[in-house]
Amino acid sequence: MNDELAIEVRNLVRVFESRKGFFFGEKTRTEALKGVELVVRRGAIFGLLGPNGAGKTTLTKILSTLLLPTSGTVRVLGRDVVEDAPWLRSRIGLVLGGERGLYNRINAYENLRYFADLYGIPPAERDARIKEVLERVDLTWAAGRRVEEYSRGMKQKLHIARGILHRPEILFLDEPTIGLDPKSARETRKLIRSLVVDGVTIFLTTHYMFEAEELCPRVAVLSKGRIVANDTMAGLRTRVGGDRTIEVEAYGFEDREVDRLRKLPGISKVVGEEFGPLMRLTMRVRTDEATPQSVADSLPGHPELSVRERRTSLEDVYLDLVEEEAR
Amino acid sequence: MMLPTSKPSRGRATGASLRLAILLFVADPQWLVPSTIAPIVFGLVSFELFRGEGPYFLTYAILGAGMMSMWGQTLYGSGWATGQDRTLGTLEPTIQAPTPYLYVVLGRIIWNVVAGLFGGAIVYLVVVLAAGGPPQLPNPLLFLVLFVFVMVTLASVGVVFAAAFVYSRYAGFIQNVGEFAFYIGTGCMFPVILLPFWTNPIALLFPPTWALDALRYVSIPGYSGFSWGWGWDLLGAVAVTAVYAAIAGSVFHRVERHVLESGQLGDY
């Protein structure tokens, strides 16, 4: 195990078996993770993307010792998550977030104090540490209020405060901004960035492409229990055909026009979508030869044609990869 | 680089859990019913039920109603607290903390014992007020010691119920079904010896049966339960409770392993 690695996953398989039906006679078997391979270096934010049911939460729970793998090897901070779970638990933080997971009838301070004791934060440092994390998530003003009076965003901040209370070396964040208003989500992202400055490794799962793009130098895409990509943003853009994207819209294109675009120098991929009478063609651009002008020139006879160029987003990459996997 | 904290102390975790149990109790007014109002009702009903049944009817009334009140608080409450952790979604972060969950359960059980004793004290006061005077107790000090010990035996069964709630979200169903059979079968309301003989060996598997029999020997002159006397009963209770305590750690370890395998920790 390389000391620089925070996470090392080899051929991880996780199968869920459950029983349902009359007298639980019907057995169902779901393979949530199918041979996952993943390596995360220390001291950075690593993003894990994937559609609903891809296995993101399952992977996060295995990494944070809340779920046992069916087979494969999983090491966090150089230790096995099954054999060394007690050692790891005091060194990792987990934020599952959401409305649940907190004692609603007591206040934020008491919630944190309880977990501070479970994590063995020395009594002499406990209150100072609670004060510090409450300040960090901007909840000092509400520390004495019952959690049941908190908004969704405040609860999310409290989840994060609890996750960092014991100064973990690695923090697992499962969709930390889901359901938050834009302001709260922005504050949460700012907080996450500040944790990396302190040397915490962040493992982040998210649905939001812009969030991953903003926070994560490196991302992996999990689809149907498999890692289908694991690269830097630049690497992922190259993988799906180019750093630039050109979009054209008009009231319908003929097949021969689409074929003509595909043959244009520098164009690597053309995908069509229909929006009522309007049709949009999205092209990945591999070289500088392809420009909005060259694309427009190859589509004569469309006075209503609109052409725009933009940078290939993570969303483009993600959709391409998930579609590829679906095929 | 942030540094990990010191090694968690099991005693501190139990203390923190006890503190949390008190805070949650105080914060939730619905607890007033089982902890205060129910013992008053049980005391009055029991007083009427046993009135005129010999010279020690007051002791019978106090024991019957007291156990009814403490039973729920101590045993049922211990399992229920873990069930609440499931409902609130706090079971996952608590299990994820480095302290073994057993020590969290212990803290709650200590509180449930205290709350149960509080209920028992209310029953005592109600019956004494209704009767116009205290019951005749041949050995009040020994009675008190055994009374507290009965709570400990109830708590030892509570640990098993708590483990069941970690094991499955359906534990509440099992607890609800078994509650009254267990209540009657361990002699909480009346001596086990009055039940069909075949139930007696089963009853002896549970620590409260022994402790309650000892308590009746001490508080009701002429009582003939299992005919062993309070000393042997107490010895039996200590032995069975010790067995429960010894297996508790192992049970929790296995249960925790099972839920991490099955992935049902977050289900509620």
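Read the figures in this text as sums done on the coordinates, not as results from a lab. Every value quoted in this text rests on a predicted model; they were computed, and no experiment measured them. Methodologically, a virtual Cβ is constructed for each residue, glycine included, from the backbone with ideal geometry; neighbour enumeration extends over all protein chains shown.
Just to be sure I understand the model, the point goes 7 Å from the Cα along the line to the Cβ. What's the resulting A:Ser306 to A:Thr30 distance in nm?
4.1 nm
Which pairs, out of A:Lys34/A:Lys263; A:Lys157/A:Lys224; A:Lys27/A:Lys224; A:Lys27/A:Lys61; A:Lys56/A:Lys269; A:Lys20/A:Lys155, put more than 32 Å between their alpha-carbon atoms?
Result: A:Lys34/A:Lys263; A:Lys20/A:Lys155 exceed 32 Å.
Taking each residue of A:160-169 in turn, how many C-beta atoms of other protein chains fall within 10 Å of its C-beta, and what is the average?
3
Order these peptides, A:157-168, A:213-224, by their mean beta-carbon neighbour count within 10 angstrom, highest first.
With the highest mean Cβ count within 10 Å placed first, the list reads A:157-168, A:213-224.
For chain A, modelled as a GNM with alpha-carbon contacts under 10 angstrom, which of A:Glu26, A:Glu110, A:Glu247 fluctuates the most?
A:Glu26
Given R₀ = 30 Å, FRET efficiency for A:Ile178-A:Arg10 by Cβ-Cβ distance, to 0.05?
0.55
Can you give the angle from 0 to 90° between the axis of helix A:108-118 and the longest principal axis of chain A, with both taken from C-alpha atoms, to the nearest 10?
In chain A, helix A:108-118 runs at an angle near 70 degrees to the longest axis.
Where the only charges are on Cβ atoms (+1 Lys, Arg; -1 Asp, Glu), what is the dipole of the protein assembly as shown about its Cα centre, to the nearest 20 debye?
Here the protein assembly as shown has a charge dipole of around 980 debye.
Taking a point 7 angstrom from the Cα of B:Thr199 along the C-beta vector, which residues in region B:161-186 have backbone N less than 20 Å away?
B:174-186
How large is the helix-only mean residue ellipticity at 222 nm for chain B, computed as the sum of -39500 (n - 2.57) over DSSP H runs with n ≥ 4, divided by its residue count, in deg cm²/dmol to the nearest 500?
So the calculated ellipticity at 222 nm is -23500 deg cm²/dmol.
Using only alpha carbon pairs under 8 Å that are at least six residues apart, calculate the relative contact order of region A:241-311 and give it in whole percent.
46 percent
Rg and Dmax of the protein assembly as shown, Cα atoms, in Å?
Both quantities, over Cα of the protein assembly as shown: 31.4, 111 Å.
Run the quick spin-label model on A:Ser71 and B:Leu32: label points 7 Å from Cα toward the beta carbon, then report their separation in nm to one decimal.
In this crude spin-label approximation the distance works out to 6.0 nm.
Name the residue, out of B:Leu146, B:Leu24, B:Leu235, whose mean-square fluctuation peaks in a Gaussian network model built on chain B with Cα pairs under 10 Å.
B:Leu24
Once you have the Cα-Cα distance between A:Gln293 and A:Val197, take 0.36 nm times their residue separation minus that, and quote the gain in nm to one decimal.
30.2 nm
Please list, ordered by chain and number, the residues whose modelled amide H lies under 5 Å from the amide H of A:Arg226; skip anything fewer than 5 residues away on the same chain.
Here the answer is A:Lys34, since their amide H atoms fall under 5 Å of that of A:Arg226.
Give the shape of chain A as rounded, prolate or oblate, defined through the alpha-carbon gyration tensor: a ≥ b ≥ c are the square roots of its eigenvalues, a/c under 1.5 means rounded, and otherwise the shape is prolate if a/b is larger than b/c and oblate if not.
It comes out prolate by the Cα gyration axes.
Within a 10 angstrom radius of each residue's Cβ in A:116-128, how many Cβ atoms of other chains show up on average? Whole number is fine.
5
Which whole-number percent is the relative contact order of chain A (Cα, under 8 Å, 6+ apart)?
The value is 18 percent.
Mind checking which aspartates and glutamates have their Cα closer than 14 Å to the Cα of A:Lys183? Skip sequence neighbours fewer than 8 apart in that chain.
Cross-link targets: A:Asp138, A:Glu211.
Angle check, please: helix B:10-27 long axis (alpha carbons) against the longest principal axis of chain B (alpha carbons), in degrees 0 to 90, nearest 10.
So the inclination is approximately 70 degrees.
Given springs between every Cα pair under 10 Å in a Gaussian network model of chain B, which of B:Val105, B:Val145, B:Val126 has the largest fluctuation?
B:Val145
Show me, for region B:248-265, the HN-Hα J-couplings you get by feeding each phi into the Karplus relation (A = 6.51, B = -1.76, C = 1.60, θ = phi - 60°), rounded to Hz, glycine and proline as x.
Coupling constants for region B:248-265: 4, x, 5, 4, 5, 4, 5, 5, 4, 4, 4, 5, 6, 6, 7, x, 9, 5 Hz.
Taking 0.36 nm per intervening residue step and subtracting the Cα-Cα distance, what contour gain separates B:His258 from B:Asn176 on full extension?
Gain on stretching B:His258 to B:Asn176: 27.2 nm.
Once the Cβ-Cβ distance between B:Ser250 and B:Arg51 is put in as r, and R0 is 45 Å, what FRET efficiency do you end up with, to the nearest 0.05?
Calculated transfer efficiency: 0.45.
What angle do you read, to the nearest 10 degrees and between 0 and 90, between the alpha-carbon axis of helix A:182-197 and the longest principal axis of chain A?
70 degrees
Roughly how far apart, in whole Å, are the Cα centres of region B:60-136 and region A:168-194?
40 Å
Using θ = phi - 60° and the Karplus relation 6.51 cos²θ - 1.76 cosθ + 1.60, list the HN-Hα couplings for region A:256-266 in order, rounded to whole Hz, with x at every Gly or Pro.
After applying 6.51 cos²θ - 1.76 cosθ + 1.60, I find 5, 5, 5, 4, 4, 5, 4, 8, 5, x, x Hz.
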